[in-house]
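Please treat every number below as a calculation from the coordinates, not as lab data. Predicted, not measured: the structure shown is a model, and the values here were computed from it. FYI the Cβ positions are ideal-geometry reconstructions off the backbone, even for glycines, and counts take in every protein chain you see.
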């Protein structure tokens, strides 16, 4: 038997008795204030209300009801105001009867309210499906663009890969697209944060080269370009990352950079090297914290590879910087820099071995790793003669060559994180 939740204002007809007479049970009575709570508890099939002036209390309650425990609503009223009628329709009233209460009409009016309720739900489902398909279409288009750029393939081939992955994983193509977009976004963020990590060392290397009088004009120009690169990356990270999740790390980075940037822009002085390097180390530590947090937030293996390769480009600049500091500074500071260089060399070579092991499925990465052997040996050779101009020049050239190669490797690893889809539809695992 159909059951109704009844709301009857003072002076209302005997709704419960009239409903019972036409075969509709009364599940519960309540007022507007208790509507949502009572509807959720009683399990009625519809709501029948008699309220002469519903606008003030009943209609807001009915609107809230649609969001919590929607029901077909039949409302009897004396209110002839067209504005109230419009508000009632917006609040989810399916049959609005003005001065027309007749017990014999209850059953057909109940059926009308239930039919309109079912129709509204069908229309809402159709609308939601269309909206979902539209959003999914936008996701697919973005994912296709990522694949087209990463693989240099046409649009139809990119869509074929998405469809293949969708069928293989038994997931909607929109979900596959969303995962691809998220991986691309996270890979870019890790790359940019890793660039800040590298630039903290690169800037100090360039500053030290100016202090040493090695290719001063070129070093100055490169320092200015790297300074702009830091500012751009910081701005893009602040714009793209969640402030609630990463805001504290980004704020720390911005604060350190605001202190370091003006000092780097001043005339290079050897006497300021140690203090500037301490600030650069704080920038390194802060950017490393952000990079680690970004990687930890996504367990996808290719993103760990982006971080590992990005760290190598930082280490290549750190070794060169430490070698220059060891010869430009004096006392314990110089000895500490030399000792740090030895540790950095060990860390770099250990990571190289890990990268070679991880590069089996990435031929471009393996080729570039092989190419990096020559400038690495040149850098090591230059370290032994870093007190001379020729040695410093060799260190500068070799470290720049390594930076170019590791920038390229990072880009390829970032693209590998974009291209998660193989022709079979499987995600290609990467071991690090």
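A few remarks follow.
- Once the chain from residue 12 to residue 221 is taken as fully extended at 0.36 nm per residue, the excess over their C-alpha distance is 66.6 nm.
- Label corresponding to percent of Cα pairs over 33 Å apart when calculated from the structure given, among (i) 49; (ii) 37; (iii) 56: (iii)
- Neighbour-count order for 402, 112, fewest beta carbons within 10 angstrom listed first: 112, 402
- Between residue 160 and residue 343, residue separation times 0.36 nm minus the direct Cα-Cα distance comes to 61.1 nm.
- Ascending count of other beta-carbon atoms within 10 Å, so fewest first, for 207, 101, 53: 53, 101, 207
- Angle between the chain longest axis and helix 331-358 axis [Cα atoms, degrees, rounded to 10]: 60
- Judged by the gyration tensor of its Cα atoms, with axes a ≥ b ≥ c, the stretch 116-210 is prolate; a/c meets the 1.5 cut and a/b is the larger of a/b and b/c.
- Beta bridges by DSSP in the chain, antiparallel share as percent, to the nearest 5: 5
- The chain, helix-only ellipticity at 222 nm - DSSP H runs n ≥ 4, -39,500 (n - 2.57), divided by all residues, nearest 500: -25500 deg cm²/dmol
- Isotropic mean projected area of the C-alpha convex hull, the stretch 41-106 (nm²): 4.5
- At R0 = 22 Å, FRET efficiency that the Cβ-Cβ distance of residue 137 and residue 182 yields, to 0.05: 0.80
- Listed by Cβ neighbour count within 10 Å, with the fewest neighbours leading, 102, 73, 22 appear as 102, 22, 73.
- Axis of helix 389-418 versus longest Cα principal axis of the chain: the two differ by about 20°, to the nearest ten degrees.
- If R0 equals 56 Å, the separation of the Cβ atoms of residue 64 and residue 352 corresponds to a calculated FRET efficiency of about 0.35.
- In plain terms, the chain from residue 41 to residue 20 could stretch by 5.5 nm, reckoned as 0.36 nm per residue minus the Cα-Cα distance.
- Helix axis angle, 373-383 relative to the chain longest principal axis, alpha carbon, degrees: 60
- Rg(Cα) / (2.2 N^0.38 Å) computed for the stretch 3-122, rounded to two decimals: 0.94
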